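These notes are about the structure you will find just below.
The numbers here are math on the coordinates, done by the rules we state, and not lab data. Quick caveat: nothing in here was measured; it's all calculated off a predicted structure. Here the Cβ is made from the backbone with ideal geometry for all residues, glycine too, and neighbour counts use every protein chain on show.
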Amino acid sequence: MPKYSRDEFPVNSIVYERTCPFCNQAFWANKPRAIYCSAKCRVYGNKKTRELQQTVIDAYAKDPAEAELRYGPVLIEKGNLVQLLYYNPIEEELRALDPDGTFALEHITMKQVQPLEKVIAYHTLHMKHNRFYYKCMRRILEEDQAQGTTKLTAKQRIYLEKEQKRIDGKIMELHVQLQRLHNSDESKVNW
Ligand SMILES: [Zn+2]
């Protein structure tokens with residue numbers, strides 16, 4: 001049963017004041033992780049969250065730029081999986097250069113060897129794409145910290161921090177690769 005008064009708990013017990021995100025009722029809980037005021041609100045609330053999440057996923061699948069305008073970058077959680085939905089403007093440039101995602105494979109297997117200049121353009125775009133993604137994650141973490149009360153769950157924060165490290169590594173690799181390419185010539189197949 002929901003407890004709507006502090007008095008329903010023993011005087012010395014530690015309790016937490018919350019507002020139920022489903023019914024907007026203020027309540028008291030003895031568990032720090034309590035979100036909803038009651039089991040009923042939890043069921044309806046979780047259902048609403050899932051529906052909302054699907055709406056956002058669908059919107060991002062249809063038109064990422066439009067979806068981000070409406071929802072902002074969104075972290076979605078499905079079971080153990082966390083994913084960041086956001087709009088990356090470099091995506092379109094990448095698609096123009098590599099429309100069906102076969103650029104790398106066909107070049108490396110020498111099915112369609114690309115000129116050095118295009119290989120450099122390809123890696124430069126990937127670099128920009130990763131940098132944009134990295135900045136987006138950093139902004140989310142910084143904004144969350146600036147507000148004092150975190151809206152991110154521990155899982156989401158850990159995900160963003162790990163993902164930042166991973167992307168940082170990728171950016172470093174691309175940097176080295178690009179330096180090598182800039183010192184290269186057309187006499188062989190470069191990658
Ligand atoms: Zn409620």
Next item on the list: Would you please name the residue that is surrounded by the most Cβ atoms within 10 Å (Cβ to Cβ), looking only at residues in the range 43-59 that are under 25 Å from the mean Cα position of the chain (by Cα) and within 15 Å of the ligand (Cβ to nearest atom)?
Entry: Gly45
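Do we have any residue at all in the range 92-108 that's in contact with a strand residue (DSSP E or B) (Cβ under 8 Å, 6 or more places away or on another chain) and of a type outside the set (Phe, Trp, Tyr)?
Filtering the range 92-108 down to residues in contact with a strand residue (DSSP E or B) (Cβ under 8 Å, 6 or more places away or on another chain) leaves none.
Within the range 92-108 (the criterion being in contact with a strand residue (DSSP E or B) (Cβ under 8 Å, 6 or more places away or on another chain) and of a type outside the set (Phe, Trp, Tyr)), the answer is no, since none of the residues qualifies.
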Checklist line | Some residue of the range 104-125 being under 17 Å from the mean Cα position of the chain (by Cα) and either farther than 24 Å from Gly72 by Cβ or in a helix (DSSP H, G or I) (or both) | finding: no
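Within the range 16-37, can one find any residue that is in a helix (DSSP H, G or I) and more than 12 Å from the ligand (Cβ to nearest atom)? Reasoning before the result, please.
We begin by selecting, within the range 16-37, every residue in a helix (DSSP H, G or I); these are none.
No - not one qualifying residue is present in the range 16-37.
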Item checked: Search result, residues across the range 49-89 that are under 22 Å from Glu142 (Cα atoms), without any contact (Cβ under 8 Å) to a residue 40 or more places away in the chain and of a type in the set (Asp, Glu) -> Glu68
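In the set Glu66, Glu117, Glu17, which member is of a type in the set (Asp, Glu) and surrounded by 11 or more Cβ atoms within 10 Å (Cβ to Cβ)?
On the way: Glu117 fails: surrounded by 11 or more Cβ atoms within 10 Å (Cβ to Cβ); Glu17 fails: surrounded by 11 or more Cβ atoms within 10 Å (Cβ to Cβ).
Within the list Glu66, Glu117, Glu17, the selection yields Glu66.
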Margin query: Looking at the range 3-14 only, could you name the residues that are surrounded by fewer than 12 Cβ atoms within 10 Å (Cβ to Cβ) and either in a loop (DSSP other than H, G, I, E, B) or within 14 Å of the ligand (Cβ to nearest atom) (or both)?
Written below: Ser5, Pro10, Val11, Asn12, Ser13, Ile14
